[in-house]
C-alpha cells in the first residue's frame, strides 16, 4: 500500500508519524487479517464453497445476519423515537436517560450476556411473566434478537441525535405556515433530512450485531441450525480442530464487515454532500 | 466518517450548544410532562406548528423510556441485585478470592499496556491524518476503523493462525521458547486489536477542526516539532485525548470474545475479569460471578460519568476564552 | 496517569510472582473436574513434598474437552492433560505432542477414575423418568450439551445409542431412538457445565443427562430437596483418560514430577479422592468402601458397543456423521 503525501502545511513530523502509523497498523491489523486470507487460500475454491454452503454454516450465517438485520430495524425505529424524545421534549430525568443510552457501549459484553440471560430466563424478572404468557425469550432465537437490540441501540441514537439537533427548525415552521399538518411536516420535511444518519446508525448497529459474541452466547440456545450464531460456529469449528472451516466462515464475515464499513463511508459522504454549506 | 459518533467531540459540542439555545426558546421544560405544571398558553400555541399533540408526545416519551428501562437499565440492575443477593459479606468474600484478585491484576495490566500503546499510536496517527493532506486518507481511516466491525472471535482467530503452534510463526516461537498465545502477550495483542481505533478516532475530528494555524505559528517562532506538539497541540486536544483513552480503556477491560480464544483459561494466570465472570457462572458461583460482573459494571458507570464530564470540558474547549 | 497505572501494575505482578515453587505443572482438564483437581492437587503437592522435599505448584485450566485439546494443539503449555475422552488426547497425539501409545503407558487405559451417565430430574420426578425410554416421550424436555464440542455430551449420546442398540438390536433402530431423543432437546449448550446451569439455575427442561459426578455435585450445591438423581439400569462406562504431554514436559524438564502426578491417581489416596468427589474409583478396596455411594448400573464400554473411540468418533461425530444426519432431519 502506498500513500503519496501531498504536504499542505509546513508542519514537521509527517514522515515519522505516518511511517509509525503504517507500521503499527500493519503489525496489529493488516498482517493478522492477511494471515486469515492466506489460510483460506490453502483451500481449493470447491472446498471453500463446500464449507460456506454447508447447511450448518448457511444457517448460522442466516441467523447472524437475519437477526442482526431485524434487531437493527428495531433499533432504527426505537432509536429514532428515543432521539426524538431526548432532543425535542423536556422531561425529568432526560439527561440521565441521555447518559444511559451509552451503557451497552461501556458494559463488557460478557456482563451484558449473563445479565440479560438472568433477566429473561424462565425464572427471571422478565422471563417469568413472559413465560406465563407463553413467550420464551432466553435460549431461543428471540434471546439472540434481544441481545442484539441491547448492543445496537447506542449506535442509532448517537448517530441520529446530532443531526436532529442541527436540523433547521425554520424549515419546519415554514412548512407549518404553508399549511402542512404536523404529520406531513415530520414525514416530508424532517425525515428526509435524517435519512443518511438513520441509515448510518442502522448499518453500524447491524455490523456490531453480526459480529457480536459475548452478550449473545449466554442467552442463545446454541442449537445448530436454530439458534447458533456464526461467531459461535467459528469457535465450535476451532474446538473440533477444523481450522479451515473456522477461517472460511471468518473470511465471509470479514468481507461482510468490509462492505458494511464501506457502505457507511459512502453514506456519510452522501450525507455531507446533501448538507448545504453554511 | 465516524463509527463512534459518540466520541466525536465536534458533534457533541454542537449538541450542548443547541441544547442551551433551544431550552428557553421552546419555553416549556414542562411541554412534554405528562402531568401537571402547565405553562403559558402562548408558548403552546406557538409551538403547535413545531411539536406534536400532547398525547403523541406522551406516548413517544413513554415508549422511549420503557424501551431504555427494559433493555438497558434492568440488565444493569440485575447485575447488582445478583451480586448482593447473599449480602455484603458474601459479596466481599467473593472479591477477596485469590482467583478474583489475579483476574483483576491481569485485567489492569493488559488494559495499561494496550491503552498505553494505542494512546501513542492514536496521537501519531491523528497527527499524520489531521494535520496533513494526502491521497488515500479515507482508505487509511477505513483501515483504522476496521476493528470496530470485525467480530471479536475473528480477532482472536487471526492471532491463533499467526502465533498458534500450528500457525505461521508458531514453530519459530516454540523453538525459541517464546509464549505468545495463552500468555499475557497474546491477550495484550488481541486487546490492542479490538481497541485499535478508539484514541485515533477521538482525536482526528478534533484536530482537523482545530486546523494547523497555531502549530504553524509556533514553528515560525522557532519552536521544534516536539515543543510545538507538547506546548501547543497537546493542551488543545487533552480532553479529546482523555475521552479516547477512556473509551479505549472501557473496551480493553471488558473484552471477552477475542480474549477467550487466546487465553488458555489457566486459573489464576490467564483469566481476565470478563472470562472469570463466565467461569464462575458455569461453576454455580453466581454471587461471585455477578460480584466480578458488578466491578465491570461499575467501571462502565464511572466511564459514563467521566465521559459526561469530559464532554462538557470539550464543549468549553471550543470556546476561545478557554486558554 | 498511565505511567502510574503501569507502575502499580508492575508492582502487583512482581508481588504475585514472588512466591515460586520448585516445580510448576499445568494440568489442562475438562469442565466438571475443577473441584476434583483442587482436592487432588493439594494432596499430591503434600505427598510429593514429603517424599522428595521439593515443592510443586499445579495450575489448572478447565473448559470444554475439545476446546482444551485445541488449545494444547495450538501451544498451551500443558504438562499433563486430563480430558473427558480418549479421542481428544488422540487428536493431540496426532500432532506429535503426545506419544501415540499414551493409553498403554498407564494402567487401565490410562483412566484412573471412571464415571457413567445418569439422569438428573426435578424433585418428585414429575415426569416419572426411570429409564432411557422415558426420554423420547412427547413433552419431555431433555437437556444435554452439543456432542460436537462437549466430551460429556458424546458420552451421553453414546450411552443412549448403546442402550437402544442393546434393546432393539439394530443400528437403524438405535439411530431412530437417538434422533427422537434429540427432538426433545430444547437447548444445546457447548459444554457440560453450561447444560447443568441451564437445567438447574435457569429451570429449563425436565431431565438433564449428566456425568454421575456432575449430578452429585449439582445436588450438593443446590440441595437434595430440589433435584433427584435417577440411575438408569443400563448405561455407559465413561473413562476419562490422563496423559503426559511429552513435548512440553521434556521441554520444561518436568517429566519426573508429571509422571509422579499421574501415578498418584493409582494410589489408595488418589482413588479415595476420586471416590469422595463422586467419580467411580478403579481400586477394588476403595470401590468396596464407597459401594453404597454409587447406584448399581449395568455398564457397557465403548469398546464393546462401538469398537473404540476412533471408530465411534468417525461414525457418529465427524462431519456428515450420524449426529449431523440426525440434525439435518
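On a 0 to 90 degree scale, rounded to 10, what angle separates helix C:171-183 from the longest Cα axis of chain C? Between the helix axis and the principal axis of chain C, the angle is about 80 degrees. Estimated from helical segments only, the mean residue ellipticity of the protein assembly as shown at 222 nm is -19500 deg cm²/dmol, where each DSSP H run of four or more residues counts as -39500 (n - 2.57). Packing order of peptides B:111-117, B:309-315, highest average first: B:111-117, B:309-315 (average count of other Cβ atoms within 10 Å over each peptide's residues). For chain C, the longest principal axis of the Cα atoms and the long axis of helix C:151-168 meet at an angle of about 30 degrees. Cut-off 10 angstrom, C-alpha nodes, Gaussian network model of chain A. Which of A:98, A:168, A:245 fluctuates the most? Fluctuation is largest for A:168. Per residue of peptide C:185-196, the mean number of Cβ atoms on other chains within 10 Å of the residue Cβ is 5. Peptide B:102-115 shows a mean partner chain C-beta count of 3 within 10 Å per residue C-beta. Computed from Cα atoms, the angle from the helix C:255-264 axis to the main principal axis of chain C rounds to 40 degrees. Annotation: the residues C:323, C:199, C:227, sorted from fewest to most other C-beta atoms within 10 Å of their own C-beta, follow the order C:227, C:323, C:199. Listed from fewest to most Cβ neighbours within 10 Å, the set A:130, A:25, C:26 follows the order A:130, A:25, C:26. Taking chain C as a Gaussian network of alpha-carbon nodes connected by springs under 10 Å, the highest mean-square fluctuation of the residues C:232, C:138, C:281 belongs to C:138.
Averaged over the residues of B:129-141, the number of partner chain Cβ atoms lying within 10 Å of the residue Cβ comes to 5. Which of rounded, prolate or oblate describes the protein assembly as shown when judged by the alpha-carbon gyration tensor and an a/c cut-off of 1.5? Because a/c hits 1.5 or more and a/b exceeds b/c, the protein assembly as shown counts as prolate. Counting only DSSP beta bridges with both residues in the protein assembly as shown, the antiparallel share comes to about 55 percent.
Over the stretch B:85-210, what is the relative contact order in percent, taking alpha-carbon pairs closer than 8 angstrom and at least six residues apart?
Values: 90 pairs, mean separation 51.5, N = 126.
Here the relative contact order equals 41 percent.
For C:55, C:231, the sequence from fewest to most other C-beta atoms within 10 Å is C:55, C:231. Among A:29, A:135, A:165, the residue with the largest mean-square fluctuation in a Gaussian network model of chain A, with springs joining Cα atoms closer than 10 Å, is A:29.
Compute the separation of the alpha-carbon centres of the stretch B:57-93 and the stretch A:183-247 and state it in Å as a whole number. Centre-to-centre (Cα) distance: 24 Å.
What number, in percent, do you get for the relative contact order of the stretch A:60-160 if the mean sequence gap of Cα pairs under 8 Å and at least 6 apart is divided by its residue count? Mind dumping the intermediate values first?
Details: 77 pairs, mean separation 42.5, N = 101.
Normalised by residue count, the contact order of the stretch A:60-160 is 42 percent.
Once you order the gyration tensor axes a ≥ b ≥ c over the Cα atoms, which shape class does chain A get: rounded for a/c under 1.5, otherwise prolate or oblate by comparing a/b with b/c? The partial results should precede the final answer.
On the way: a/c = 2.05, a/b = 1.14, b/c = 1.79.
Oblate.
Measuring nothing but how far apart in sequence close Cα pairs (under 8 Å, 6+ apart) lie, relative to its length, the stretch A:47-273 scores a relative contact order of 32 percent.
Computed from the coordinates by the stated procedures, all read-outs in this text should not be read as laboratory data. Values in this document were obtained by computation on a predicted structure and should not be read as measured data. When we count neighbours, we look across all protein chains shown, and the Cβ atoms used for this are built from the backbone with ideal geometry, even at glycine.
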